[in-house]
1. Between A:Arg152, A:Arg69, A:Arg64, which is basic (Lys, Arg) and either surrounded by fewer than 12 Cβ atoms within 10 Å (Cβ to Cβ) or under 30 Å from B:Glu87 (Cβ atoms) (or both)?
2. Can you pull out the residues in segment A:27-53 that are within 10 Å of chain B (Cβ to nearest Cβ) and under 20 Å from B:Leu33 (Cβ atoms)?
3. Select, from B:Val45, B:Val36, B:Val105, the only residue that is within 24 Å of A:Met14 (Cα to Cα) and touching a residue at least 40 places away in the same chain (Cβ under 8 Å).
4. Looking at B:Leu79, B:Leu63, can you tell me which residue is open to solvent by 30 Å² or more (accessible area, probe 1.4 Å), under 26 Å from A:Leu80 (Cα atoms) and assigned to a helix (DSSP H, G or I)?
5. Select from segment A:1-26 the residues that are open to solvent by 30 Å² or more (accessible area, probe 1.4 Å) and within 14 Å of chain B (Cβ to nearest Cβ) and list them in ascending order.
6. Restricting attention to segment B:18-37, report how many residues are aliphatic (A, V, I, L, M) and more than 10 Å from chain A (Cβ to nearest Cβ).
7. Enumerate the pairs (first residue in segment A:126-154 and farther than 18 Å from A:Leu165 by Cα and modelled with pLDDT under 90; second residue anywhere and surrounded by 10 or more Cβ atoms within 10 Å (Cβ to Cβ) and of a type in the set (Phe, Trp, Tyr)) with beta-carbon separation below 6 Å, excluding pairs fewer than 6 apart on the same chain, so at least 6 apart or on different chains.
8. Going by the conditions given, is A:Ala87 open to solvent by 60 Å² or more (accessible area, probe 1.4 Å), within 14 Å of chain B (Cβ to nearest Cβ) and either within 19 Å of A:Leu4 (Cα to Cα) or part of a helix (DSSP H, G or I) (or both)?
Amino acid sequence: VKVLVVDDDPVSRMLLKATVVRLGHEVTVAENGAEAWRLFSAAPSPLVLTDWMMDDVDGLELCRRIRARPSAPYTYVILLTAKDARAHYVQGIEAGADDFLGKPFDHDLLAARIHVAQRILGLRDHVEHLERLLPICMYCKKIRNPDERWLRVEEFITTRTSEQLTHGICPDCYVTVARPAVARALRDRQR
Amino acid sequence: VSDPAAGHGDAVDEKALAALAEMTGDAALVTELIDVYLTDTAERVAAMREAATRGDTRAVRRLAHTLRGSSATIGARELAMLGARVEQTFTAGSADARTLLEAVVVEFDRVRARLLRRQKGDPA
């Protein structure tokens, strides 16, 4: 998985990078929150491993910015905290963090946390894939909405997208449906 | 009152360094990490003294936070503890401000001497 590692402490940054690479992941590093946000905006990574306490854009702010993006693929954020920061976990969760890891970090815990992150990102992909599958009636072509109601195609499109529909007739249906129907109507009127 | 400058035991926990080598699977990387730590920490300690002279408590505490983290990573336990003390209690101009920072300087010298010996291939 692609991982963005953010830490303003060069020792910790180097160590994190080496460890995460060794765990088999692709790593990009940032020296501070502002740089991380620039890199992330240009090429979002599914997993962000960021120090909490940094000057200017800190881990919480980075987290908030990542969460504020509209309709983007999910990013899993792990906040790195000094051991005594446990009391502030609520703050981290409210900013949108998924998990925490104490510093100096423990290798096995880091490996486990990344493993969990991958599992959750995988489930997320699966859900998004399922959401993209539309159940459509094979006879009348109505589509099942997430609220279980069966909607006509035009209702479905207008409720789920910003598209506005206008009714028309395609050339095929003009020949097979519309023209015979008009002819029938004219015949009926002549009777 | 105990002298905060008096270092107890080893300046650097050799087991922590061995753990780093095991974790990264790369002994050369540990040598590199130590180099980065020494350069960075020398700058950080200087910046702390400078910020203290300016009376900037917040900056000193902020620098101490990172000093604590990197020192703990490298196994410099005493220095990490001093860093934590500065981070939590340092107040520019207070009675023990100068003593506390001097203790950091002295302990960093001890850590540096120990790490430099190691870099030259002397493990003891």
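The values are calculated or read from the model by the stated rules, or taken from the named source; none is laboratory data. Just so it is clear, the structure is predicted and the values come from calculations on it, not from any experiment. Neighbour counts are summed over all protein chains in view; Cβ atoms, including those assigned to glycine, are modelled from backbone coordinates with ideal geometry. Surface areas here come from the heavy atoms of the whole protein model, side chains and all, with no ligands, DNA or RNA. Shrake-Rupley method; radii C 1.70, N 1.55, O 1.52, S 1.80 Å.
1. Numbers: A:Arg152 fails: either surrounded by fewer than 12 Cβ atoms within 10 Å (Cβ to Cβ) or under 30 Å from B:Glu87 (Cβ atoms) (or both); A:Arg69 fails: either surrounded by fewer than 12 Cβ atoms within 10 Å (Cβ to Cβ) or under 30 Å from B:Glu87 (Cβ atoms) (or both).
Exactly one residue qualifies, and that residue is A:Arg64.
2. A:Asp51
3. Numbers: B:Val36 fails: touching a residue at least 40 places away in the same chain (Cβ under 8 Å); B:Val105 fails: within 24 Å of A:Met14 (Cα to Cα).
When all the criteria are applied, what remains is B:Val45.
4. Numbers: B:Leu79 fails: open to solvent by 30 Å² or more (accessible area, probe 1.4 Å).
Being open to solvent by 30 Å² or more (accessible area, probe 1.4 Å), under 26 Å from A:Leu80 (Cα atoms) and assigned to a helix (DSSP H, G or I) holds for just one of B:Leu79, B:Leu63, which is B:Leu63.
5. Within segment A:1-26, the subset open to solvent by 30 Å² or more (accessible area, probe 1.4 Å) is A:1-2, A:8, A:13-14, A:17, A:21-24, A:26.
Matches in segment A:1-26: A:Asp8, A:Arg13, A:Met14, A:Lys17, A:Val21, A:Arg22, A:Leu23, A:Gly24.
6. Quick first cut of segment B:18-37, residues aliphatic (A, V, I, L, M) only: B:18-21, B:23, B:27-30, B:33-34, B:36.
Filter once more, keeping what is more than 10 Å from chain A (Cβ to nearest Cβ): B:18, B:21, B:27-28.
Adding up the residues that qualify gives 4.
7. So the pair list comes out as A:Arg144/A:Trp150.
8. Details: open to solvent by 60 Å² or more (accessible area, probe 1.4 Å): yes; within 14 Å of chain B (Cβ to nearest Cβ): yes; either within 19 Å of A:Leu4 (Cα to Cα) or part of a helix (DSSP H, G or I) (or both): yes.
Against the criterion (open to solvent by 60 Å² or more (accessible area, probe 1.4 Å), within 14 Å of chain B (Cβ to nearest Cβ) and either within 19 Å of A:Leu4 (Cα to Cα) or part of a helix (DSSP H, G or I) (or both)), A:Ala87 qualifies.
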